Amino acid sequence: MSNPTPSDVHVDSALTSISIAFIQNSTSFVSHRVFPTLTVQKQSDRYFIFNRGDFHRDQAEVRAPGTEAATGSYDLDNTPTYFANVKAFRQLIPDEVRANADAAADPDRAAAEYVLNKMMLARETSWVANNFTTGVWGNDVTPTNLWDTASSTPIEDVETGITQIMQDTGYKPNKLTISRPVYAALRNNPGIVDRIKFSGAVGPNNAAIVNLQTMAQVFDVEEVLVANAVVNIAAEGAAPVNSFIAGNNALLSYAPRSPSLLTPSAGYTFAWSGVFGAQNEMGIAVMNYRLREGRHSDVVEGHLAVDQKLVAAECGYFFSGVVS
């Protein structure tokens with residue numbers, strides 16, 4: 001008699017410790033960090049913009065005894081509006097699917113992650129299309145020497161942008177947002193590597209430690225943000241066609257740590273919380289509810305109610321197509 005084979009003594013079943021799903025990490029999405037989030041109770045409203053030139057004009061004069069001080073005033077340029085359109089996406093969980101699912105295929109957890117990922121993707125793609133592009137900022141440039149060439153000067157290019165924004169606004173830009181391909185090029189840029197190496201930030205074999213922290217120091221900004229998110233433009237059922245949402249671009253900008261009065265910012269994320277309850281800094285709400293009787297299904301539904309609005313073009317300096 002022959003011995004039993006491995007397939008005779010084991011019946012394949014689903015593992016409970018792993019499953020495979022390509023859920024993008026939340027840190028890949030950066031738009032809400034470039035444009036700070038302001039939670040608002042109404043879908044639309046107005047905000048004030050004070051005249052920039054009035055605050056920068058030197059009008060104080062010597063006052064002689066018994067005379068009045070020099071007088072001046074400021075104007076309000078306008079009172080623009082925001083409008084938080086609502087985007088939504090949902091997935092159904094039929095009772096039969098939940099009852100028959102193995103532990104590693106937990107349909108409730110998978111649906112929540114799936115829907116949340118769709119909301120983050122929608123927010124990022126919209127922000128890139130409207131704000132991480134040419135024609136909307138105070139300055140648009142394409143470097144003469146692209147940043148993935150040995151002769152490029154990204155440090156000097158960014159310094160030019162810093163100087164321009166400071167001259168226009170009186171505020172020093174504090175964020176440099178770059179796409180993943182741009183980050184990959186900058187990590188190997190000779191000028192940046194040498195600057196970091198000479199600063200003493202070296203690792204084994206005297207290799208320069210080029211990361212977000214040292215890069216921020218080199219560019220003289222508080223934070224370098226890398227837009228790592230990808231989007232699949234292929235139709236459902238077709239082979240994926242992925243690309244980085246942020247292209248080959250970079251944005252130098254100023255934004256306060258949190259929204260406040262009498263403070264400029266390149267942009268704000270107006271997140272409407274009045275209809276869907278409390279939202280996180282990403283302006284996203286995810287909810288569960290029972291579908292109408294007869295459908296025997298639960299629903300996981302996500303809502304995105306934000307207006308990621310550019311509010312001060314002078315606070316931004318856009319670099320387009322900086323790598324080949």
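The values are calculated or read from the model by the stated rules, or taken from the named source; none is laboratory data. All figures in this text were calculated on a predicted structure; none of them were measured in a lab. Cβ placement follows ideal geometry from the backbone for every residue including glycine, while neighbour counts extend to all protein chains displayed. Only protein heavy atoms, including side chains, enter the accessible area calculation; ligands, DNA and RNA are left aside. Shrake-Rupley method; radii C 1.70, N 1.55, O 1.52, S 1.80 Å.
Here is how the numbers come out for the structure above:
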quantity	calculated
Hits in region 302-316 - residues which are open to solvent by 20 Å² or more (accessible area, probe 1.4 Å) and out of contact with any helix residue (DSSP H, G or I) (no Cβ under 7 Å at 6 or more places or on another chain)	Asp307, Lys309, Val311, Ala313
Qualifying residues in region 273-324 (those that are modelled with pLDDT under 90 and of a type in the set (Phe, Trp, Tyr)) - the one farthest from Thr27 (Cα to Cα)	Tyr289
Lone unmet requirement of (1) open to solvent by 30 Å² or more (accessible area, probe 1.4 Å); (2) outside any loop (DSSP other than H, G, I, E, B) for Ser258	(2)
Some residue of region 211-232 being in contact with an Asp or Glu (Cβ under 6 Å, 6 or more places away or on another chain) and among the hydroxyl-bearing types (Ser, Thr, Tyr)	no
Matching residues, region 45-94, being in contact (Cβ under 8 Å) with a residue 60 or more places away in the chain and among the hydroxyl-bearing types (Ser, Thr, Tyr)	Tyr47, Tyr82
Conditions (1) under 19 Å from the mean Cα position of the chain (by Cα); (2) more than 24 Å from Ile245 (Cβ to Cβ): number failed by Ala129	(2)
Selected residue (criterion: surrounded by the most Cβ atoms within 10 Å (Cβ to Cβ)) from residues of region 283-298 that are over 18 Å from the mean Cα position of the chain (by Cα) and within 26 Å of Gln41 (Cα to Cα)	Val286
Options Ser44, Ser2, Ser28: the member that is closer than 27 Å to Ile245 by Cα and modelled with pLDDT of 55 or more	Ser28
Every residue from region 69-98 that is more than 38 Å from the chain's Cα centre (by Cα) and either within 30 Å of Trp272 (Cβ to Cβ) or open to solvent by 80 Å² or more (accessible area, probe 1.4 Å) (or both)	Thr71, Glu96
Residue in region 236-244 that is modelled with pLDDT under 95, part of a loop (DSSP other than H, G, I, E, B) and surrounded by 15 or more Cβ atoms within 10 Å (Cβ to Cβ) present	no
Whichever residue in region 184-214 is out of contact with any helix residue (DSSP H, G or I) (no Cβ under 8 Å at 6 or more places or on another chain) and open to solvent by less than 40 Å² (accessible area, probe 1.4 Å) and, among such residues, is modelled with the lowest pLDDT	Gly203
Residue in region 37-68 that is most open to solvent (accessible area, probe 1.4 Å), counting only those that are in a loop (DSSP other than H, G, I, E, B) and in contact with a strand residue (DSSP E or B) (Cβ under 6 Å, 6 or more places away or on another chain)	Phe48
Entirely in region 69-183, the strands (runs of 3 or more DSSP E) that have 1 or more residues that are modelled with pLDDT under 95	76-78, 81-83, 85-94, 139-141
